[in-house]
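Below is one structure; the comments refer to it alone.
The values are calculated or read from the model by the stated rules, or taken from the named source; none is laboratory data. Just so you know, these numbers come straight off a predicted model, no measurement behind them. Please note: Cβ atoms are built from the backbone with ideal geometry, for glycine as well, and neighbour counts cover all protein chains shown. Surface areas here come from the heavy atoms of the whole protein model, side chains and all, with no ligands, DNA or RNA. Shrake-Rupley method; radii C 1.70, N 1.55, O 1.52, S 1.80 Å.
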Amino acid sequence: MLDNSDLILVAGATGGVGQLVVAKLLDNNLPVRALTRNKNKAKQMFEDRVNIVVGDLRYPDTLTSAIENVTHIICCTGTTAFPSQRWDFVNFFDAKNSPQIVEGEGVKNLILAATKNLKRFVFVSSSGVLRKDSLPFNILNIFGVLDAKLYGENALKNSGLPYTIIRPGRLIDGPYTSYDLNTLLRAKTDGKKAVVIGTGDTLNGETSRIDVANVCVECLNYELTINQGFDIINSGKRPEVIDWQQLFSQIS
Ligand SMILES: NC(=O)c1ccc[n+]([C@@H]2O[C@H](COP(=O)([O-])OP(=O)(O)OC[C@H]3O[C@@H](n4cnc5c(N)ncnc54)[C@H](OP(=O)(O)O)[C@@H]3O)[C@@H](O)[C@H]2O)c1
């Protein structure tokens, strides 16, 4: 069970899922450290409510201070599946922040930096990692995003760290353009679809960023999610209260 003696590092804290993870942790009065490449952006989002550490997954030296005293890591970093400005192109053939560099090697750098007594490493992967040859995932993987996610998953499984791997479908809800923390805390999926959890990369559908953030935090309270990977989508009628125990009991 999480408590306020824990310190949770959120990598990708300024991203769509990451900011919602931070908001949810703060809503539960849990201590948060935000790993970011851009201190001003994080300060604008989270004010002084989180401990901000500047780091870049590509450079292991920048991760040392980030992991100090951390008990849990939630990694929601990412870049675009298809070439974009966010790949940080040097020239047409060479990008400095491609999926393989961030989601593959970068995630591995964070895993290697983590201390052996870490209580949990949660990794947001993707639907399709085990179906890279079938539509639509073969198209999504043209530039290797699913190969990179699988590389990250395997690095985590082989690390010996207690892990949880989450595979959402195409993300909906956000990213939020409002950097106002109070707006993020009010973000709700009320009236939207239920949470469906599966195993073996078999589910098809969309997933709310809000529910990805919810599951990243909720799973830390359930031992049965340790060393497990699962799929999450939204489908069906949403119940008033989500029964995480019941959902997680389907995965082990
Ligand atoms: N989009 C989808 O449909 C989809 C589907 C399945 C899974 N996912 C996965 O879901 C997760 C969340 O997606 P999202 O769209 O909410 O994320 P996002 O808004 O794209 O945010 C990505 C975050 O990663 C950070 N980042 C990028 N490169 C980095 C580096 N080299 N070092 C440190 N941080 C770095 C970014 O920081 P900066 O602000 O510094 O750029 C940003 O905070 C990602 O892992 C994504 O791959 C997405």
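Of all the residues in region 198-227, those that are under 12 Å from Phe248 (Cβ atoms), hydrophobic (A, V, I, L, M, F, W, C) and buried (at least 19 other Cβ atoms within 10 Å of the Cβ) number 3.
Does Asn117 satisfy the condition of being open to solvent by 70 Å² or more (accessible area, probe 1.4 Å) and more than 10 Å from the ligand (Cβ to nearest atom)? Talk me through it step by step, then tell me what you get.
Details: open to solvent by 70 Å² or more (accessible area, probe 1.4 Å): yes; more than 10 Å from the ligand (Cβ to nearest atom): yes.
For Asn117, the condition - open to solvent by 70 Å² or more (accessible area, probe 1.4 Å) and more than 10 Å from the ligand (Cβ to nearest atom) - is met.
Of all residues in region 23-49, count the ones that are touching a residue at least 40 places away in the same chain (Cβ under 8 Å) and of a type in the set (Val, Ile, Thr). Residues meeting the conditions: 0.
Every condition in (1) within 15 Å of the ligand (Cβ to nearest atom); (2) modelled with pLDDT of 95 or more; (3) of a type outside the set (Val, Ile, Thr) is met by Ala187 except one, and the failing one is (2).
Of all residues being assigned to a loop (DSSP other than H, G, I, E, B) and away from the ligand (no atom under 15 Å from the Cβ) in region 67-100, which is most open to solvent (accessible area, probe 1.4 Å)? Just the residue, please.
Phe93
Pairs linking a residue in region 194-209 that is at positive phi and in a loop (DSSP other than H, G, I, E, B) to a residue that is among the acidic types (Asp, Glu) and at pLDDT 95 or above, with Cβ atoms under 9 Å and 6 or more positions apart or on different chains, are Gly200/Asp231; Asp201/Asp231.
Do we find that Glu103 is part of a helix (DSSP H, G or I), touching a Lys or Arg at 6+ places or on another chain (Cβ under 7 Å) and within 14 Å of the ligand (Cβ to nearest atom) in this structure?
Numbers: part of a helix (DSSP H, G or I): yes; touching a Lys or Arg at 6+ places or on another chain (Cβ under 7 Å): yes; within 14 Å of the ligand (Cβ to nearest atom): yes.
Judged against the criteria, Glu103 is a match.
With respect to Thr202, is the statement that it is within 16 Å of the ligand (Cβ to nearest atom), modelled with pLDDT of 95 or more and closer than 23 Å to Pro136 by Cβ true? It is true that Thr202 is within 16 Å of the ligand (Cβ to nearest atom), modelled with pLDDT of 95 or more and closer than 23 Å to Pro136 by Cβ. Under the condition of being without any contact (Cβ under 8 Å) to a residue 40 or more places away in the chain and not in a loop (DSSP other than H, G, I, E, B), the residues counted in region 134-145 number 3.
Any idea which of Leu112, Leu130, Leu150 is touching a residue at least 40 places away in the same chain (Cβ under 8 Å) and buried (at least 16 other Cβ atoms within 10 Å of the Cβ)? Before the answer, list the steps.
Values: Leu112 fails: buried (at least 16 other Cβ atoms within 10 Å of the Cβ); Leu150 fails: touching a residue at least 40 places away in the same chain (Cβ under 8 Å).
None of the others qualify; the one that does is Leu130.
Filtering region 228-242 to residues that are farther than 17 Å from Leu161 by Cβ and either open to solvent by 50 Å² or more (accessible area, probe 1.4 Å) or not in a loop (DSSP other than H, G, I, E, B) (or both) leaves Phe230, Asp231, Ile232, Ile233, Asn234, Ser235, Gly236, Lys237, Pro239, Glu240, Val241.
Listed conditions (1) within 18 Å of Val124 (Cβ to Cβ); (2) open to solvent by 30 Å² or more (accessible area, probe 1.4 Å); (3) touching a Phe, Trp or Tyr at 6+ places or on another chain (Cβ under 8 Å) are all met by Gln245, apart from (1). Restricting region 120-148 to residues that are of a type outside the set (Phe, Trp, Tyr) and under 22 Å from Glu218 (Cα atoms) leaves a set whose member that is farthest from the ligand (Cβ to nearest atom) is Arg120. Under the condition of being assigned to a helix (DSSP H, G or I), under 23 Å from Glu103 (Cβ atoms) and open to solvent by 10 Å² or more (accessible area, probe 1.4 Å), the residues counted in region 21-65 number 8.
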